[in-house]
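Have a look at the structure below before the remarks.
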Amino acid sequence: MEVERESMDYDVVVVGAGPSGLSTAIKLKQLNPEINVCVLEKGSEVGAHILSGNVFETRALDELIPDWRSKDSPIKTKVTKEKFLFLSKKGSLNWPTWLLPSVQKNHKNYIISLANLCRWLASEAESLGVEIFPGFAASKILYSDEDNVIGVQTGDMGIDKDGNKKDSFEPGININAKVTVFAEGCRGHLGKELIKKYNLSKDKSPQQYGIGFKEIWEIDESQHEEGLVMHTAGWPLDNATYGGSFCYHAENKQIFLGYVIGLDYKNPYLSPYDEFQKFKTHPAIKKILTNGKRIAYGARALIEGGIQSLPTMYMPGGLLVGCDAGTLNMPKIKGSHTAMKSGIIAAETINDYLSKSVSLAAYEDKFKRSWVYKELFAARNVKPSFNWGLIPAIIFTGIDQIIFRGKLPFTLKHKHADHEALKLAKDSKKIDYPKYDGIFTFDKTSSVYLTGTNHEADQPVHLQLKDKELPIKFTLDAYDEPSQRYCPAGVYEIDKTDIQNPKFVINAQNCIHCKTCDIKEPSQNINWVVPEGSGGPNYANM
């Protein structure tokens, strides 16, 4: 029996209250206050699911809200100094900053909490008349008979794990819109559906991803240097594995410490989480953390394919913006300003579409004429060059970015998707990671606790297996079930209580919505979908 659902009608519905979605909503209202705009956010509040480094470039914000400096924005800490270290197991080499490509210099930027910036942008949007609904996850795309996107449906609330309605059942609502903007962030599950349905990645390189970790530490005053931005490359990763760290000295004696590892790594025994924990034991890092206290943890996949992996960003009735499409600038290690600019361009396109019947296809043309496209085009060859290894990639990047300024007459392609990169377990070397000391390094359980993650216990598992038998019958033998290691939250484990009949266990309540499993599972057997609205992490200042 079909569930009766209420419906709400808007000119524009935006899925996701991140920087791209909020920029779209704000710009729409600036262009035409009469346009009805609503924003759906799956987190319990705006910012609850936002995680980023974050050194922020203000270029797009300068366009969107030119007087932001005179407002009470959370953008306070200017970058005052930069360091880049190459780490060996015990030592480090300080790379002169004047030798860094200009895209890796940050002297005009700010160290911020992106979650807090999004909260501030949300208040700006609401002051313009945008309706924002936190705790409402868009679970389904609505299509017309002609296969046009005509809105989204929010998820049903009060369904038990077997799919039955509980006493608390509330059906999801159909949000109908003339234009739907998908701004879910990296590997959005609706965006993934659209890319497949409309074949938006035709003739594009396979998309590339990384897994990013972040911890906030309160450190000893003697080690704190507000405004310092530090990055490292090298140890603990080998030269064949892409990755590196960041350490940003924010206000209040806090640092934002993190690590990014490319999800095209080859060894199924590699644990990105443990590589990050191990990194903190390096003398140069341990010195900073001594007498400090870890106060926050989080992890999130980030999109790194660049311009050659960017899908077509429009479809009938809808647009993809920000990291739902893949607008992050990898060598800059920044995606907020590019995501915001894509949202601004989307709003301009939608306004023309609604007022002048200009096709939504104009979004692509406007995007290609913008500074964001020029920026991504200049950055296009950096990530694929890391297939050659760390040292050759650094040399090539220097030539590409410093000498040719991104204008080499060719474009390197990505050869395969990240899930295709894993070698078989029998062809790989096991990695023994040090035990956690509870001072500098921590287990996944205590880390997940810091995320404030919560899901309604009795609900359908939102990590769906296409073949429930595959993890034990194939993946365990072939790859030693790598989900045990690539998940940064301990969601997946192999229960070997009965050695003859091991079981694949999904602890969905631990999920911090990073999307790594959806990306890295070698058979693409895991499909991440939204849980009940407001479920997931509750990040404060990430």
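Where a number appears in this text, it was derived from the coordinates with a stated rule and is not lab data. All values reported here derive from a predicted model rather than from experimental measurement. As a convention, Cβ positions derive from the backbone with ideal geometry for all residues, glycine included, and neighbour counts pool all protein chains shown.
Between the range 160-177 and the range 371-400, the alpha-carbon centres lie 46 Å apart.
Considering just Cα atoms, how many Å³ per residue does the convex hull of the range 308-452 enclose?
Output value, Cα hull per residue: 203 Å³.
For the range 239-315, lysine pairs separated by 8 or more sequence positions, or belonging to different chains, with Cα-Cα distances below 20 Å total 9. For the range 318-410, trypsin sites (Lys or Arg not before Pro) are listed when DSSP marks them as loop and at most 14 other Cβ atoms sit within 10 Å of their Cβ; the list is Arg369, Arg405, Lys407. Within the P(r) computed for the range 150-214, what percentage of the Cα pairs occupies the region above 17 Å? Beyond 17 Å sits 63 percent of the P(r) for the range 150-214. In units of the compact-protein estimate 2.2 N^0.38 Å, the range 170-257 shows a Cα radius of gyration of 1.70.
Beyond 25 Å, the tail of the calculated P(r) for the range 183-334 holds 40 percent of the Cα pairs.
Only aspartates and glutamates eight or more places from Lys430 in sequence, or on another chain, were considered; those with a Cα closer than 15 Å are Asp238, Asp274, Glu275, Asp477, Asp480, Glu481.
Pull out a ≥ b ≥ c, the square roots of the eigenvalues of the alpha-carbon gyration tensor of the range 23-76, then state rounded if a/c is under 1.5, prolate if not and a/b is larger than b/c, and oblate in the remaining case. Here the range 23-76 falls in the oblate category.
Over the range 262-363, the Kirkwood radius and the radius of gyration, each from Cα atoms, give a ratio Rg/Rh of 1.17. A convex hull fitted to the Cα coordinates of the range 432-542 yields 133 cubic angstrom per residue. By the compact-protein rule of thumb, 2.2 N^0.38 Å, the alpha-carbon radius of gyration of the range 369-438 corresponds to a ratio of 1.58.
Calculated on C-alpha atoms, the gyration radius of the range 229-293 divided by its Kirkwood radius gives an Rg/Rh of 1.00.
Per the Debye formula on identical point scatterers at the alpha carbon atoms of the chain, with no solvent, log10 I(q)/I(0) at q = 0.08 Å⁻¹ is -0.49. Translational diffusion coefficient of the range 324-388 (Stokes-Einstein, Kirkwood radius from Cα pairs, 20 °C, 1.002 mPa s): 167 µm²/s. In angstrom, the C-alpha Rg and Dmax of the range 94-181 are 21.6, 64. Working ranking of peptides 299-310, 506-517 by packing, defined as the average number of other Cβ atoms within 10 Å per residue, highest first, is 299-310, 506-517. Near Glu45, once Lys and Arg are set to +1 and Asp and Glu to -1 for all other residues with Cβ below 14 Å from its Cβ, the sum equals 0. Taking the centroid of alpha carbons for each part, the range 280-332 and the range 59-106 are 15 Å apart.
Local charge for Leu328 was computed over the other residues whose Cβ lies under 13 Å away, with Lys and Arg +1 and Asp and Glu -1, and equals +3.
Sorted into 10 angstrom bins from 0, the C-alpha pair distances of the range 1-138 split as 11, 32, 27, 16, 10, 3, 1 percent.
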